[in-house]
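Notes follow the structure.
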Amino acid sequence: MKEHTVSYNEVNFYARMIAERLKDNVTHVVGLARGGLIPATVISYALDKPLLSYGISSYEGTKKTENFHLTQAINFYELSENNDDLHILIVDDICDTGDTMKEITTRLGLGAINYTTACIYTKEKHIDQLDQYGMVVPDDKWIVFPWE
């Protein structure tokens, strides 16, 4: 698989581009830990909206597993009770397999939470799974982020 290393400047550019598109539609930004936290922070600052962290992963170290591990939860139900106009932006660094975004959107859908999904990068095969993205990369490209 071909590797492509991206810079902080690229991540910052795409995060701000996503923020500009969504400036009137978001009440909270949720970064998916770990990779989504840096772009979510940039978007949160750009939108001047609260940042929350949600730790969910299907990896153990660098190995992909079939199960999801919740390491940091958000009580979305409680959050929605206190915010009549709640609309969450879910942010991750990349939509690679699509599994993490499917899992979180299923959980939010069960709670009838309004949300928008965004990733800085997405593989071609997952374009339809996201509401917003910064850049589409070929399915055979492995993105290396500066924090890895």
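The values are calculated or read from the model by the stated rules, or taken from the named source; none is laboratory data. These numbers come from a predicted model, not from an experiment. Ideal geometry is used to build each Cβ from the backbone, glycine not excepted, and the neighbour counts take in all protein chains shown. Protein only, heavy atoms only, side chains kept; ligands, DNA and RNA dropped before computing areas. Shrake-Rupley method; radii C 1.70, N 1.55, O 1.52, S 1.80 Å.
Filter segment 31-60 down to residues that are of a type in the set (Phe, Trp, Tyr) and not in a helix (DSSP H, G or I) and give me whichever is farthest from Tyr115 (Cα to Cα).
Step one: filter segment 31-60 for residues of a type in the set (Phe, Trp, Tyr), giving 45, 54, 59.
Adding the requirement that they be not in a helix (DSSP H, G or I) leaves 54, 59.
On the way: Tyr54: 14, Tyr59: 24 Å.
Looking at the filtered set, the residue picked out is Tyr59.
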What is the number of the single condition among (1) touching a residue at least 12 places away in the same chain (Cβ under 8 Å); (2) surrounded by fewer than 20 Cβ atoms within 10 Å (Cβ to Cβ); (3) within 17 Å of Gln132 (Cβ to Cβ) that Pro50 does not meet? (3)
Somewhere in segment 57-67, is a residue open to solvent by 50 Å² or more (accessible area, probe 1.4 Å), of a type in the set (Asp, Glu) and within 29 Å of Asp139 (Cα to Cα)? yes
Residues in segment 75-95 that are touching a residue at least 12 places away in the same chain (Cβ under 8 Å) and either open to solvent by 30 Å² or more (accessible area, probe 1.4 Å) or in a strand (DSSP E or B) (or both) total 14
Can you tell me which residue is farthest from the chain's Cα centre (by Cα) among those in segment 103-118 that are surrounded by 14 or more Cβ atoms within 10 Å (Cβ to Cβ) and within 18 Å of Asp128 (Cβ to Cβ)? Leu108
